[in-house]
Each structure stands twice: as structure tokens, then as C-alpha cells.
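Structure first, then comments.
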Amino acid sequence: MCGIVGYVGKKQALSILVEGLKRLDYRGYDSAGVAVATNGSLSIQKSAGRISVLEAQLDVEAMKGTTGIGHTRWATHGAPTDINAHPHLDASGRIALVHNGIIENCDALRRYLSDKGVKFLSETDTEVLVQLIGQAYDGDLEQAVRTSLLDVQGTYGIAVICSDEPGVIIAAGKGSPVLIGVGKGEYIVASSDSAIVEHTTQVIYLEDGEIAKVTRDGFRTTTLGALPVTKQTEEVEYSLGQIELAGYEHYMAKEIFEQPTSVENCLRGRLDLKGGHVHLGGIRDSVRELTHAHRIILAGCGTAWHAALVGEYLFEELARIPTETEYASEFRYRNPPIEDGTVMIAISQSGETADTLAALEEAQQRGALCLGVVNVVGSSIARKTDAGVYLHAGPEIGVASTKAFTGQLTVLAMMAAYLGRRRHLSQAACKTFLEALARIPGQIAQVLKLNDDARQVAQTYCNHENWLYLGRGYNYPVALEGALKLKEISYIHAEGLPAAEMKHGPIALISEEMPVVVIAPRGEQYEKIIGNIEAVRARGGRVIAVATEGDETIQRLAEHVFYIPDVPEPLQPLLTVIPLQLLAYHAAVLRGCNVDKPRNLAKSVTVE
């Protein structure tokens, strides 16, 4: 849940490190630091707080050097203090290390090192690792890292430098992403490609258990067992311009308004409207197993879990395959039966979510076919799954996911139609569905015109501290997602529910002080949701509704209505979620919250 950047080349490293850390600060962090190899020693500066605090403390003249590493930390072991910030040094002060992940056996290693006389300065598991490397170092940093990692249990993405070996960075990864940007006479080690795109679009990704020795003249990759590994350079699929604000006040606003384009990009080249077919090249080699699947498990966390819930409805209705949705964070700690014909689909924006990776590995170990639905090309989930489908939504910087959610819904809709056509769905029915899906980008653009209305509604209710979100069927997960968006960026308590569950307890909460957001477009349960609205009104609740265009009944019952175009029920979540994103965004802005970097949250949750 933090960021790594390292540089080796001919330029001064410090400015590149700081710029790279700024590119990564959307991931969430509470401290930052840099270390540069300078004249036979290491110059290090680190501090709790934002990168701007670190910048104010930097002595540029004292930190001249062409090799360095930097880090933004999200605290796990130890509070966010100057001492606990990365980089950490070994006892000799010659070796500096930055680390993402968790060393699970750090207590045992700490005792071992303490018995050898090592004195620890911090509370972190990371210092344990650098001290271990320091003990193993005898003039060969690469070998010291290799030897030490053999004793480590847990996850790590690391970059290491040593004053005795200027011009060298050692990088390694297991369960936490590490990539190397390949430039002309320079290389950038990072945890995300957003840190490198200003300098190069050529990148290689380290697989679990691989180590890279990087110098200005090139790099070599090996396994922990010292076997050579040949890596292929890949092209980063987005540009620096795509991660700039482009005139918007916040990344979240930019990404909300990018959704017509991001969904269009997700669909591009995949729909055959004339023939009524879907083309998904990423799962083509697994089509036979998928077509004959007896059960699908959808796994995700947070927003991805909400997308999975919609996917459950889609796969059961369109493909007629029994489907269940699992919290990835719970799946690995159960003893789930995985029988023949089981398919797991792991859903993650970043492709690095630790809980989802763990669930995926558990399912793979038990013999399930595992697919990925991710946005980041080359991410851990993308590399570890048997097959998968990319969102092609472009970089999502705001911590609160918006366009990745609609991208996930779009991919799941295509996958369900893809399998449905091969199992029981007629060509005509599939064609009708796909034609409706193809119209969604333009309809999202239409719903985005409600932005000013959403701002006005948010202004009316943003000081109310408890909200309720209700939905039925396909729109129950949208209620959950709307509530999550509101609470994660505006810090308003919000609860999402299937509307029928309101009467089983939560109705006791409803009063004149409670805004109740009801997702109520026309569909099979329309009359039921009208009854739920009546029950809310009878208890004084203030109804904010999302409804189908032309619905006069809803207009009479609700204080505020956001109207969406009439679309098939399985596609409604792609439109009903848009007003809820706008509502959450404006509520957070009006309350003076940091929209893109909400407190305590990180974009990529790479720890359990």
C-alpha cells in the first residue's frame, strides 16, 4: 500500500526520485524518504507526513549522486514516524532498502539478529530485512539479498543500494509488484508504471521470486536460486498526459467524466453487433472449460466485490451458471470446496490486491480454472491467472474507484453474454443485449449532465451524518457501492442494503434527519421498490431517487430524482451508479475533504 522508485543512470537521482514519488502519492502513504549514493557513502532523508514535508528538508547539494531509491510508506509495523519511515539502513550504514509488503516472520528474524548483537532503531519489519542483508553482505550485494530472501516469509517488493557498490540497484519481488523502466543509459525501478512514464514507456516486470541487478549499462534477472531469467520488454499502454488532471480540480472528477470514453475503450473491438457475438481474446484458450463450467466464484474486495455481485446476477441470468460472490479476504481462511468444473474470476482494479491474490492462489491450488478481470496490464493477478480480460479504462489515480467499477461491470456483462451465447442464449437475444451494451457510453454521457443537480442535492444533505442506500436485484450492489463512495471520501456514515431488508431492523433508523437514496429504475421489482419508498416516507425519511426517464410516480414520491435512460435491467448498474458517484464527490468537496486521498485509505491494498 505504498510506493517504490529507484534510479540509476547519468542524471542526478534526487529530482527523479522526488518526481517519481509524487507520481505515486495517489496510492496512499503517511511518510516518505529518499537515499542517494554520494561519494562513497549514503545520504538519506525521510520524514513522516506528505512528500512536501520531505522536500522542505532536502539538502540538494549534499544529496548529489546518480543512484538512489525512494519510498512512500503506509504504516503496518510501527506508527508513521520519522524513524519508521523508509529507506532503512543496516547497522553499518552502508546498505539502504525500501520495501512494500509484510515480512511475516520478522519477529523470529528480529530475535535471531538481536542475539547476534544487532541493535534496531525502528519498529518496522523492513529494518529486520535490511539488517539481515547487512549481516550477509561480504562485498556482493546481489548475493546478500538473494541469501537473505531465502530466509524471508511473507511478501515483498524491494529496492536496495549499497555505498560500496555505487551505480547498482538490486530489486526483487514476491507478491508485491516491481518493475524496471528501460531508458537510454538509465533505468528506473518502481512499484507502478505511473512512476516511469515521464521517462520511458519500455518496462519489464519481475515475477515472484526473481531478482534484478540494475546498473546504468543494463540489467540482469535471475531466480532466487541464481538461475538466469530472460525478460521481454513491454510497452506501457498509457501516456503521461493520461495521468495529469487535464483542467479538473480532482482526479476523481476527471475519472467520473472519463467514463463514456473508458467504457467505449473497454468495448472497442469486442462486440460483433451484426453477428450477435462477443470476442474476448484473453479467454479464448479457456473457452471450452468455461462453457462447461459447473460453478463460478467471483472474488474481490471493496468496489470490486460490488462489481462481482452484479456479475453474479449476470452469469446466472445470461449464462445460466451457478455463481457465488466471495469476499476475497475471507475466502482463503475457509475450507471452500472446489470441485471439478469450478471457475474463479478474480476482480481487481490494480491487479495487486493482496487479499484477492491470496484467494486466487488458494483456488488455483485446489484445481480451479482462474481468470482475472483487472485494469493494470502486467499486474500480479494478470500474470498469475490462467486467462483474463483487461478493462482498458486507462490509469485511475483517485483512491475511490469510479471508472474501474464501470469497466468491471462492462467486462462482466461481456463475459456473461460470451458464455450465454455458447450455452443457451439465442443469437437474436444476444444481439439485442449487445446492441444495448454498445449504447451505454453515450447514455453515461447523458447521465453526466446531472452533475449540477447532484451538486445541489449534495449541498442540501452533506451535513447529515447518516445516510441509507436501498436497491433491489441488479441495483442492490449499486446501493452498496453508492454508500461506500460516500463514506470513503466524505466520511459520512452510510449503509447500503437490499431494499427488502430495510424492514428487518434498519427501518428503526429512519427519521426526518436521514437522507435515503433509493435506486428505483423500472424493472421486475419496480412495484416492490415503490412500496419501500412509501415506507421511508411514512417515517419522515428524505427520499433521493434514481429512476427511469418519464417516471411520474417517483417524481411524486421523492424529494429529489436523478433520471436515467431506459435500459435493460442487467445494464442498469452502469447508469444508476453515475449519479451516486457525483453525489459522493460533491458531498466530499463541500465538506472540505481530500477527495483523491481520503484518510487512512490507499489505492492499491497490497497488505492483508
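The values are calculated or read from the model by the stated rules, or taken from the named source; none is laboratory data. Everything quoted here is computed from the prediction, not taken from an experiment. Note: ideal-geometry Cβ built from the backbone for every residue, glycine included; neighbour counts use all protein chains shown. Ligands, DNA and RNA are excluded from the accessible area calculation, which covers all protein heavy atoms including side chains. Shrake-Rupley method; radii C 1.70, N 1.55, O 1.52, S 1.80 Å.
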Semi-axes of the equivalent ellipsoid of the range 260-315: what are they in whole Å, largest first, if each equals the square root of 5 times a C-alpha gyration tensor eigenvalue? 21, 19, 10
Loop sites in the range 395-468: trypsin sites (Lys or Arg not before Pro), DSSP, at most 16 other Cβ within 10 Å: Arg439
Just to confirm, what accessible area per residue do you get for the range 9-154 at 1.4 Å probe, in whole Å²? 40
Consider a paramagnetic label point 7 Å from the Cα of Asn463 along Cα→Cβ; state which residues of the range 578-593 have an amide N under 16 Å from it. 587-593
Could you list log10 I(q)/I(0) for the range 358-460 at q = 0.11, 0.16 Å⁻¹, which the Debye formula gives when each Cα is one point scatterer? -0.51, -0.92
Check which residues have an amide H placed less than 5 Å from Ser31's amide H, if you skip close sequence neighbours. Gly49, Arg73
Taking each full run of DSSP H in the chain as one helix, which ones are at least 27 Å long along their axis (Cα atoms) and have mean Kyte-Doolittle hydropathy of at least 0.0? 403-423
For the table Lys11/Lys231; Lys184/Lys403; Lys119/Lys597; Lys22/Lys116; Lys64/Lys403; Lys22/Lys184, the rows whose alpha-carbon distance is greater than 31 Å are Lys184/Lys403; Lys119/Lys597; Lys22/Lys116; Lys64/Lys403
Percent of all alpha-carbon pairs of the chain at distances over 36 Å, whole number, is 39
Within the chain: Cβ-based charge dipole about Cα centre, in debye rounded to nearest 20 (Lys, Arg +1; Asp, Glu -1): 540
Which order do you get for Lys46, Lys174 if you rank them by accessible area with a 1.4 Å probe, largest at the top? Lys174, Lys46
In the chain, taking the dipole from +1 charges on Lys and Arg beta carbons and -1 charges on Asp and Glu beta carbons about the Cα centre, the listed residue (Gly49, Tyr313, Val36) farthest towards the positive end is Tyr313
Grab the eigenvalues of the alpha-carbon gyration tensor for the range 104-193, scale each by 5, take roots, and send me the semi-axes largest first in whole angstrom. 25, 16, 10
Please state the equivalent ellipsoid semi-axes for the range 1-132: what are the square roots of 5 times the Cα gyration tensor eigenvalues, largest first, in whole Å? 24, 17, 12
Directionally averaged projected area (convex hull, Cα atoms, the range 514-579), nm²: 4.1
Per residue accessible area in Å² of the range 466-520, where ligands, DNA and RNA are left out and the probe is 1.4 Å: 31
Taking one equal scatterer on every alpha-carbon of the range 295-341, how large is log10 of I(q)/I(0) by Debye at q = 0.16, 0.21, 0.25, 0.33 1/Å? -0.44, -0.71, -0.91, -1.14
May I ask you to list the aspartates and glutamates whose Cα is less than 16 Å away from that of Lys431, ignoring any residue fewer than eight positions away on the same chain? Asp272, Glu317, Glu569
Based on the Kirkwood radius over alpha-carbon pairs, what is the Stokes-Einstein translational diffusion coefficient of the range 284-365 at 4 °C with 1.567 mPa s viscosity, in µm²/s? 101
Among DSSP bridges having both ends in the chain, what percentage is antiparallel? Round to the nearest 5. 60
Expressed in µm² per second, the diffusion coefficient of the range 54-146 from the Stokes-Einstein equation, with Rh the Kirkwood radius over alpha carbon pairs, at 4 °C and 1.567 mPa s, is 91
How big is the Rg/Rh ratio for the range 467-542, C-alpha atoms only, Rh by Kirkwood, two decimals? 0.95
Two-decimal Rg/Rh across the range 57-99, once Rg and the Kirkwood Rh are taken from alpha-carbon atoms: 0.99
Considering every pair of different Cα atoms, what Kirkwood radius, in Å, is found for the range 376-522? 18.1
